[in-house]
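What follows is calculated from the coordinates using simple rules that are stated; it is not laboratory data. From a predicted model like this one, the values you see are computed outputs, not experimental measurements. Backbone-built Cβ (ideal geometry, glycine too); neighbour counts: all protein chains shown.
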Amino acid sequence: MEFKILSHLLRGLADNIDAGNSNVTEEEMMEICELISNSANPEEKISKYQTADLLGVNHKTVDYYVRKGYIPHGRQEVGFKEIFWYKKDILKFKEEKDEKRKVFLDNFKIKASVICPNEEDLCNIVLDIAYKGSSKQFAWDICGEQIIKNLLEKNGNKYTYPMMDEDGDIEYKGYKFSMREVQVCEE
């Protein structure tokens, strides 16, 4: 059933691309390609390093996950030195881990906002704690919107970003860029 839905959606997307009606970004297209690739071969074997890349960790963390029983032990085939995992098993673990993390963060946000209802104060507390260690992602997960609000406020509700420009004065990897400034409207 899922493959029929996927097939129907892909055909519609292909028709729109052929007609020039697609507003799919390159990043979204890469996500679609990865989804199709993962769906097409669930029995794909991957190495420890590929497993680490898929999970967004280093190979030593993969060893830790195996020791803790979070992911199954790698398998070995006769004639091959390196152990492997089935990609579907790792994707299942990643999905479960991501869901648990989301639930944890949601619960933390609720409890933290009860203790400290002022979003700006909460943000400052989380930043003081998280940025001293290696938990910067945690700070962004908990109070990312407030961090952005604070940064905009300190910069007169403006932000700048590089934009590709043939006449730009900044060069990076053979491309020229110029800085653009955007004034953000206050809500």
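Sorted from greatest to least, the principal axis extents spanned by the alpha carbons of the stretch 121-187 come out as 44, 31, 15 Å. Working from the Cα coordinates of the chain, the gyration tensor eigenvalues give, after taking √(5λ), semi-axes of 36, 29, 20 Å in decreasing order. Once backbone amide H atoms are built at 1.01 Å from N, ILE71 has VAL66 as its partners under 5 Å, excluding neighbours fewer than 5 places away on the same chain.
The H on the amide N of GLU44, modeled in the peptide plane, is under 5 Å from the matching H of LYS87, LYS88, each at least 5 residues off or on a different chain.
Computed from backbone phi with θ = phi - 60° and the Karplus coefficients 6.51, -1.76 and 1.60, the 3J(HN,Hα) list for the stretch 47-58 is 7, 4, 5, 5, 4, 4, 4, 4, 8, x, 10, 8 Hz; x is used for glycine and proline.
Cβ distances below 4.7 Å define possible disulfide partners, and in the chain the cysteines left without one are CYS33, CYS116, CYS185.
If R0 is 45 Å, what FRET efficiency do you get for ASP89 and ASP169 from their C-beta distance, rounded to 0.05? For ASP89 and ASP169, the calculated efficiency is 0.35.
So what is the calculated 222 nm ellipticity per residue for the chain, using -39500 (n - 2.57) for each DSSP H run with n of 4 or more, over all residues, to the nearest 500 deg cm²/dmol?
About -19500 deg cm²/dmol.
For the peptides 162-173, 60-71, the ranking by mean Cβ contacts within 10 Å, running from highest to lowest, is 60-71, 162-173.
Within a straight-line Cα-Cα reach of under 24 Å, LYS94 can be paired with the following lysines, leaving aside sequence neighbours fewer than 8 residues apart in one chain: LYS45, LYS48, LYS60, LYS68, LYS102, LYS109, LYS136. How big is the shadow of the Cα convex hull of the stretch 84-131, averaged over all directions, in nm²? That works out to 4.6 nm², a quarter of the Cα hull's surface. The GNM of the chain, with springs linking C-alpha atoms under 10 angstrom apart, assigns the highest mean-square fluctuation among ASN107, ASN23, ASN150 to ASN23.
Using the Cβ of ALA139 as centre and a radius below 13 Å, the other residues enclosed give a net charge of 0, where K and R count +1 and D and E count -1.
Size of the stretch 44-115: Rg and Dmax of its alpha carbons, in Å, are 15.6, 59.
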